[in-house]
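Here is the structure we will look at.
The values are calculated or read from the model by the stated rules, or taken from the named source; none is laboratory data. It should be emphasised that the depicted structure is a prediction, and the values quoted were computed from it without experimental measurement. Please note: Cβ atoms are built from the backbone with ideal geometry, for glycine as well, and neighbour counts cover all protein chains shown. Surface areas here come from the heavy atoms of the whole protein model, side chains and all, with no ligands, DNA or RNA. Shrake-Rupley method; radii C 1.70, N 1.55, O 1.52, S 1.80 Å.
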There are 2 protein chains.
Amino acid sequence: MCTVVRMSGERRPRRHDPGRRDRLIDAALHVIAERGVAATTHREIARAADVPLGSMTYHFASLDEVLAEAFTRHANAAADIFDERLGAATDRASAVEAVVTLIRDDLIGSPNELVMAVELYVAAARNPALRAVTQAWMQRSRDALQRHFDPTTARELDALIEGLVLHSVLSTDPMTPDQIRHAVERFLR
Amino acid sequence: MCTVVRMSGERRPRRHDPGRRDRLIDAALHVIAERGVAATTHREIARAADVPLGSMTYHFASLDEVLAEAFTRHANAAADIFDERLGAATDRASAVEAVVTLIRDDLIGSPNELVMAVELYVAAARNPALRAVTQAWMQRSRDALQRHFDPTTARELDALIEGLVLHSVLSTDPMTPDQIRHAVERFLR
DNA sequence: CACTCATGCGTACGACCGTACACATGATGC
DNA sequence: GCATCATGTGTACGGTCGTACGCATGAGTG
C-alpha cells in the first residue's frame, strides 16, 4: 500500500515545465480579452493557466511585467496579420482588397481584436512601457500600408481603418462589408 | 468656554448641501480623466470632492452608478460641442472648416477628451449600461454631422474623425492642423 | 426653547489584492 | 544510493477595496 492517494482532484505533477512562462503570457492575454485588464490579477492568470499562484512571482517581477509582455505579444501577432494581408497584394487594386478583407475578417471579425486594442490604449495612457508597445504597433501597421501607398495616405488610411473598426463594433448596427469597402474606396479614390 | 474647539484642521460644517450629488459626479469625472477608471474608487472621489466616504454610499447605490452618471454627463457635454461647432456652419465649406476646428481644438486640443472616450469604450465593453451611453453619444455626433452631410458620409466621416484623433494623440508625432485638414478634405472631396 | 426625526457620517467588516519568503522537491553529480 | 542545490510552491502579511449600518446632528415644529 505504498501508492500515493490523490485526494481532491488530481495533483499537477509537472515540476520541470519549460515554456511555462510562455503559457502564462498566453493565459494573461486570454484573461485580458475575456475579463479586461482591470480583472487581470496574478491569481486570475494562474487559475487560467492551471498553475500555482507562487509561479507568477517566480516567473515575473511584477504584474506590470506580465501585462507588458502580453500586450507586446499581441501587438506583434496583430502586426504580422497586417504584413501578411498586405504582403500578398501585388498591385494597388489588390491592396485595397486586402485592406477590406483585413478590416472585415481580422479586425471586426474577431471581436477580441478591438477589445485588446482599446484595453491597450487605456493601459498605455498610464504606463509608459505600454505606450512604446502601442507606438511600435502603429508604426508596423503604417509600414505595411506604405508598401502600397505613399506615407501620407498610409497614415490617414491607418487612422480611417481604426475609426471604422471602432465605430462598427461599438455601434448597434455594425457596418456591412459593402459599407466598409465603400468607405475605403472612397478615401483612396 | 462653550465654543467648540476644532482640533486637527477645520471641520467641514456643511450639513445641508444641495447639489452635492452633482459635485460628486464632477469629482468622479475629474478622477477618471486624471487617474483612470481603474483608480476611480469611492474613497478617491470622496477625497477629490472633499466629502466624507459615507456620503458616497448615501448618494449612490453603487460605484457603477457613479460611473454611469459621470460618463453620461461627459458624453452629453462632448455631444453639445459637436452640435455647437456644426450648428454654426452655414454651408458645406464652413462645415468642413467646423470639423477641422472641432478635431484640432476640442478633440486633440484637450487631451482629456480622448482619454475619457477610450476609458468609456473599455468600461462599456463589460457594462451594458455604459454601452448605451456610448451609443447615444455616437448617435448624437452622427446626427450633428448629418446636418451638413448625407447619412453615409456622416457615418464614415465620424469614424475618420475618431481614427484621426486616436492616432494623432497616441503617436509620437501628432498630426499638424494642416495634416488634419488634408485628411478631412481628401475624404470629403 | 424642547422635542423629534429625516438626513448625513464615522467606522468596521469581509473580500481580494500584490508581493515576499521559508520550505518542499526532484534533478544532478558522485 | 546518497548528498546537494537550483527550481518551484504554499502560505501569510499589509494594504485597499466596496459596502453596510448604528449613531450623531441640526432643521423644523409646536
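Structure notes:
- Any hit, the stretch B:169-182, residues being over 15 Å from residue B:118 (Cα atoms), facing chain A (nearest Cβ under 9 Å) and acidic (Asp, Glu): no
- Criterion violated by residue B:35 - all others in (1) within 14 Å of chain A (Cβ to nearest Cβ); (2) within 12 Å of DNA strand C (Cβ to nearest atom); (3) open to solvent by 80 Å² or more (accessible area, probe 1.4 Å) satisfied: (2)
- Search result, residues across the stretch B:120-136 that are under 18 Å from residue B:38 (Cα atoms) and among the aliphatic types (A, V, I, L, M): B:120, B:122, B:123, B:124, B:125, B:129, B:130
- Condition check for residue A:45: open to solvent by less than 20 Å² (accessible area, probe 1.4 Å) and within 16 Å of DNA strand D (Cβ to nearest atom): yes
- Subset of the stretch A:14-32 (residues that are open to solvent by 90 Å² or more (accessible area, probe 1.4 Å) and either outside any helix (DSSP H, G or I) or among the aliphatic types (A, V, I, L, M) (or both)): A:14, A:15, A:16, A:18
Per-residue answers, yes or no, for (1) outside the structural domain of residue A:30 (by TED's automatic domain parsing); (2) of a type in the set (S, T, N, Q); (3) open to solvent by 50 Å² or more (accessible area, probe 1.4 Å):
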residue: A:76; (1), (2), (3): yes, yes, yes
residue: A:91; (1), (2), (3): yes, no, yes
residue: A:111; (1), (2), (3): yes, no, yes
residue: A:116; (1), (2), (3): yes, no, no
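- Hits in the stretch A:168-178 (condition: free of Cβ contacts under 8 Å to residues at least 60 places away in the same chain and assigned to a helix (DSSP H, G or I)): A:170, A:178
- Checking residue A:84 against (1) more than 15 Å from DNA strand D (Cβ to nearest atom); (2) open to solvent by less than 30 Å² (accessible area, probe 1.4 Å), the condition it does not meet: (2)
- Subset of the stretch A:51-61 that is part of a loop (DSSP other than H, G, I, E, B) and within 9 Å of DNA strand D (Cβ to nearest atom) - its residue that is surrounded by the fewest Cβ atoms within 10 Å (Cβ to Cβ): A:52
- Elements of the type helices (runs of 4 or more DSSP H) sitting completely within the stretch B:62-167 and holding at least 1 residues that are more than 14 Å from chain A (Cβ to nearest Cβ) and touching a residue at least 60 places away in the same chain (Cβ under 8 Å): these cover B:63-87, B:92-101, B:128-146.
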